[in-house]
1. How about region 194-217: which of its residues are open to solvent by 80 Å² or more (accessible area, probe 1.4 Å) and either among the small types (Gly, Ala, Ser) or away from the ligand (no atom under 11 Å from the Cβ) (or both)?
2. Identify all residues within region 144-167 that are buried (at least 17 other Cβ atoms within 10 Å of the Cβ) and either hydroxyl-bearing (Ser, Thr, Tyr) or touching a residue at least 60 places away in the same chain (Cβ under 8 Å) (or both); write none if there are none.
3. Just for strands (runs of 3 or more DSSP E) wholly inside region 76-129: which have at least 2 residues that are more than 11 Å from the ligand (Cβ to nearest atom), in contact with a Lys or Arg (Cβ under 9 Å, 6 or more places away or on another chain) and open to solvent by 10 Å² or more (accessible area, probe 1.4 Å)?
4. Kindly indicate whether residue 64 is of a type in the set (Val, Ile, Thr), part of a loop (DSSP other than H, G, I, E, B), out of contact with any Gly (no Cβ under 8 Å at 6 or more places or on another chain) and crowded, with 19+ Cβ neighbours inside 10 Å.
5. Any chance you could count how many residues in region 27-50 are closer than 20 Å to residue 157 by Cβ, of a type outside the set (A, V, I, L, M) and either free of Cβ contacts under 8 Å to residues at least 24 places away in the same chain or assigned to a loop (DSSP other than H, G, I, E, B) (or both)?
6. What number goes with the only condition from (1) assigned to a strand (DSSP E or B); (2) of a type in the set (Gly, Ala, Ser); (3) on the phi > 0 side of the Ramachandran plot that residue 197 does not pass?
7. On the given criteria, is residue 226 within 16 Å of the ligand (Cβ to nearest atom) and of a type in the set (Asp, Glu)?
8. For residues in region 1-13 being in contact with a strand residue (DSSP E or B) (Cβ under 6 Å, 6 or more places away or on another chain) and in a helix (DSSP H, G or I), which is farthest from residue 124 (Cα to Cα)?
Amino acid sequence: NGKHRLTDDVERIVQEHLQYVREDVSNGWDLIHQDGEMKVYRREVEENGIVVDPLKCFHTIKGVTGHEICRYFWEFQYRMEWETTLDSTKIIEALDPDTVIFFQLHKRVWPAAQRDSCFWSHIRCISNSDEDQPTWLVVNYTTPHPLAPIKSPQVRLVANVALICETIISEPPLNPKDIKRENIQCKLTYVAFVNPGGWVPSAALRGVAKREYPRFLKRFTSYVVEQTRNKPILF
Ligand SMILES: O=S(=O)(CCO)c1ccc(-c2ccc(C3CCCC3)c([C@H]3C[C@H]3c3ccccn3)c2)cc1
């Protein structure tokens, strides 16, 4: 894909996430939610009295590939079908076929002021030669943009989010064309570093995050399972 003004930033952040995804959650992380295969961890971090808790979620979803999960997460046209915490979302610039810039209005979470966000969103396939299936990832990273002016009373969110997915094929048939959905599953890692961009009561924000991240990940992954059920597998 063509080089653009954010190529170096995108490369740097993608590489950082590829290192970070391997870090285990044994020390310093609290398991805040478990539901079947989904495990949600959080570290309690404050910067200048603002809660910026990193979030890490591991989940295994049967019947879908990592490419399908990343595709539905990245593609703009599906977003409002699974994202219940947004008032609006729109693409304000396309930098290359895999990198766009979004502007989003997030639903107001009382008593905090309404948040908006502007980030570049990049989707990529990392082929790791040794394993059979490639890793797919999406990164959403805050960036300023002239078409996303900061307008009071909205507060600009600062977010660095990654969705990293592996595809597992159990009992692969001799001919890949014979692979069925019951033989595939996606192992996903979702990490979110969200700075609310301005003061929010710590307990309120931690409560919202604890409720909303698991709900959002469950709703999103269920949506992809539904959408792909009778479609050819996208590897
Ligand atoms: O995965 S994404 O890139 C999907 C694209 O939309 C993503 C997900 C979540 C957020 C987000 C935005 C705002 C908040 C807070 C900050 C003050 C008031 C709201 C939170 C915290 C509260 C947690 C939360 C988690 C999930 C959904 C909503 N709320 C999270 C941003 C981007």
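1. 203
2. Answer for region 144-167, where residues must be buried (at least 17 other Cβ atoms within 10 Å of the Cβ) and either hydroxyl-bearing (Ser, Thr, Tyr) or touching a residue at least 60 places away in the same chain (Cβ under 8 Å) (or both): 160, 162, 163, 164, 165, 166, 167.
3. Output list reads 86-96.
4. Taking the combined requirement at face value, the residue satisfies it.
5. Number of matching residues: 4.
6. (1)
7. Taking the combined requirement at face value, the residue does not satisfy it.
8. 13
The values are calculated or read from the model by the stated rules, or taken from the named source; none is laboratory data. It should be emphasised that the depicted structure is a prediction, and the values quoted were computed from it without experimental measurement. Cβ coordinates were reconstructed from backbone atoms using ideal geometry, including for glycine residues, and neighbour counts include every protein chain displayed. Accessible surface areas use protein heavy atoms only, side chains included; no ligands, DNA or RNA. Shrake-Rupley method; radii C 1.70, N 1.55, O 1.52, S 1.80 Å.
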